[in-house]
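The values are calculated or read from the model by the stated rules, or taken from the named source; none is laboratory data. Everything quoted here is computed from the prediction, not taken from an experiment. Note: ideal-geometry Cβ built from the backbone for every residue, glycine included; neighbour counts use all protein chains shown. The accessibility values were calculated without ligands, DNA or RNA, using every heavy atom of the protein model including side chains. Shrake-Rupley method; radii C 1.70, N 1.55, O 1.52, S 1.80 Å.
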Amino acid sequence: MSGRPEETNRLYGFQVMDRRDMKAFEMRLNQCDALIFPGGSIFQDATSIASTNYYAKLVSAAKKAKKKVLLLGQGVGPLNSFFGKRMAAGAFNDADVISVRDPESLQTLKEIGVRKSARVTADMAFLLPAVQNSDDIQGFTVGNMKTVGISARPLDKKTDIAALFGDFCRLLYQNGSMPVLIEMDREEDGPLIAEIAKRQGGKIPDLRKLTTPMQLQQRLLRMDSIVAMRLHAGILATTVGIPPLMVSYDPKVTAFSKMMDLGTPLTVQGLTAQRLMDTFTAFQKDRERNARIVERKRDEMRKLAELNIELVHSTVRN
């Protein structure tokens, strides 16, 4: 199931159906042994209750069709509304197998009344193949300036993300680094990148319109450092050995930073560009130590992520 079925088929060669086509879903479901949700923060109501409602209905349909349901590598929450909690709890209680990507998600399941047992694994993105770098490249430079990848995302109207990261880009440049803005979500991040550049009076280098995470890994590999609001920008950075400085807007980002032993991240609310710059400078002074930590934790996360695949085999085969 995909939001862009034609593109997914072209890039990966899988049989794909539009996730909005419920008639096609019902037909395919009858032909399958199981319905698998392979990760993401799909049970949350931070933006609206629509996501939780949609995925809970898929679980309900699968159980009515007597299919096994596997909720794997899940990031759970935030769940603040009564109906959001109730629908999420119902879906997880109906599932045959549950795994979550961080301890905080496991605690959330307990708090909303999920009775089924669950285990902590890791995000499936840690299963991406390793990307090799040539021995003579220490980091991508523009002139003599090392590049700093920046993954920002829009937030609420109270938080001026364009101003924060625009000013941060300016401070980086003034201190001898080249900022590169990274687009992780086409609909949301593209306009934000344009607004950040506009606020700074011109174009800031960016990475846009990449179609696969493997392409992004190749670009990240040649950067010196990464500053990320987006969770998967941080995860992909670790897969190529770069310690990401996370800026949290959501509990999942905080949980990831802690799991990688990179400390409690800054929260974006009330953050200033100067404080972010000061934190980044201090973070970079410990880069070698952080890189060793990331290498060790990345291997641990990959092994945990592999448990998700083992759960599929053991459940579906039975």
Ser225 long-range amide H proximity, modeled H, under 5 Å: Gly149
Among Gly190, Gly202, Gly75, residue whose mean-square fluctuation peaks in a GNM of the chain (springs only between Cα atoms under 10 Å): Gly202
Among Gln174, Gln74, Gln217, residue whose mean-square fluctuation peaks in a GNM of the chain (springs only between Cα atoms under 10 Å): Gln174
Among Lys157, Lys85, Lys303: highest mean-square fluctuation, GNM of the chain, C-alpha pairs under 10 Å: Lys157
Per-residue SASA entry for Met124, accessible area with 1.4 Å probe, Å² rounded to 10: 40 Å²
Gain upon complete extension [Asn144, Ser48; 0.36 nm per residue less C-alpha separation]: 30.0 nm
Peptides ranked, highest mean first, by Cβ atoms within 10 Å: ranges 179-187, 2-10: 179-187, 2-10
Helix-derived mean residue ellipticity, 222 nm - over the chain, DSSP H n ≥ 4, -39500 (n - 2.57), to 500: -15500 deg cm²/dmol
Calculated FRET value between Ala163 and Lys209, using beta carbons and R₀ = 25 Å, to 0.05: 0.50
Nitroxide proxy distance, nm - points 7 Å out along Cα→Cβ at Asp286 and Phe83: 4.4 nm
Rg ratio (alpha-carbon, reference 2.2 N^0.38 Å) - region 168-271: 1.06
Set of lysines near Lys63 by C-alpha distance (under 27 Å), chain-local residues within fewer than 8 positions excluded: Lys23, Lys85, Lys110, Lys116
Residue-level accessible surface for Val114, protein heavy atoms, 1.4 Å, Å²: 20 Å²
Spacing of the two label points (7 Å from each Cα toward its C-beta) at Thr264 and Gln31, in nm: 5.1 nm
Volume of the Cα convex hull of region 114-229, divided per residue and given in Å³: 158 Å³
Gyration tensor over alpha-carbon atoms, the chain, equivalent ellipsoid semi-axes in Å: 35, 21, 20
Straight-distance crosslink candidates among aspartates and glutamates, where the alpha carbon sits under 14 Å from Lys57 and sequence neighbours closer than 8 are dropped: Asp21, Glu26, Asp94
Cut-off 19 Å (backbone N to label point 7 Å along Cα→Cβ of Arg275), residues of region 216-242: 227-230
Exposure ranking of Lys146, Lys158 by accessible area [1.4 Å probe, largest first]: Lys158, Lys146
Accessible surface, 1.4 Å probe, highest first, among residues Tyr249, Tyr12: Tyr12, Tyr249
